[in-house]
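One structure is given below, encoded as structure tokens.
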Amino acid sequence: EMIGRIMHRLISEPYAGSLDTSDGVKFLVDGGWVLVLPDADQPMLRLIAEGRDARMTHDLMMLHVARIEWMIDMN
């Protein structure tokens with residue numbers, strides 16, 4: 001239930017980049033992206049990130065991990 005609320009909130013909140021919901025929730029920014037996927041068998045989310053370099057990839061991942069942790073804390 002919480003996973004569904006988090007996914008809905010991720011889609012609903014304003015985001016500076018583009019959003020693709022064809023396969024989970026994919027946040028696209030210039031030079032990178034983060035994909036948030038609910039696990040099919042476990043009550044957890046999986047995040048996959050790619051950036052133009054390791055630093056960007058790390059920063060994108062940590063930004064979205066922090067957003068999701070904040071959403072969990074708010075429930």
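The values are calculated or read from the model by the stated rules, or taken from the named source; none is laboratory data. It should be emphasised that the depicted structure is a prediction, and the values quoted were computed from it without experimental measurement. Backbone-built Cβ (ideal geometry, glycine too); neighbour counts: all protein chains shown. The area values use the complete protein model at the heavy-atom level, side chains included, leaving out ligands, DNA and RNA. Shrake-Rupley method; radii C 1.70, N 1.55, O 1.52, S 1.80 Å.
Summary table below
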item: FRET efficiency estimate (nearest 0.05) - Cβ-Cβ, Leu19 to Ala40, R0 25 angstrom; result: 0.70
item: Accessible surface of the chain, 1.4 Å probe, proportion on carbon and sulfur as whole %; result: 55
item: Residues of the chain: accessible area per residue with a 1.4 Å probe, Å²; result: 66
item: In Å², nearest 10: area of Met62 left accessible to a 1.4 Å probe; result: 90
item: The chain: relative contact order in percent, alpha carbon pairs under 8 Å with at least 6 residues between; result: 21
item: In region 11-75, the trypsin sites (Lys or Arg not before Pro) that fall in loop regions by DSSP, at most 14 other Cβ within 10 Å; result: Arg52
item: Gyration tensor over alpha-carbon atoms, the chain, equivalent ellipsoid semi-axes in Å; result: 20, 13, 12
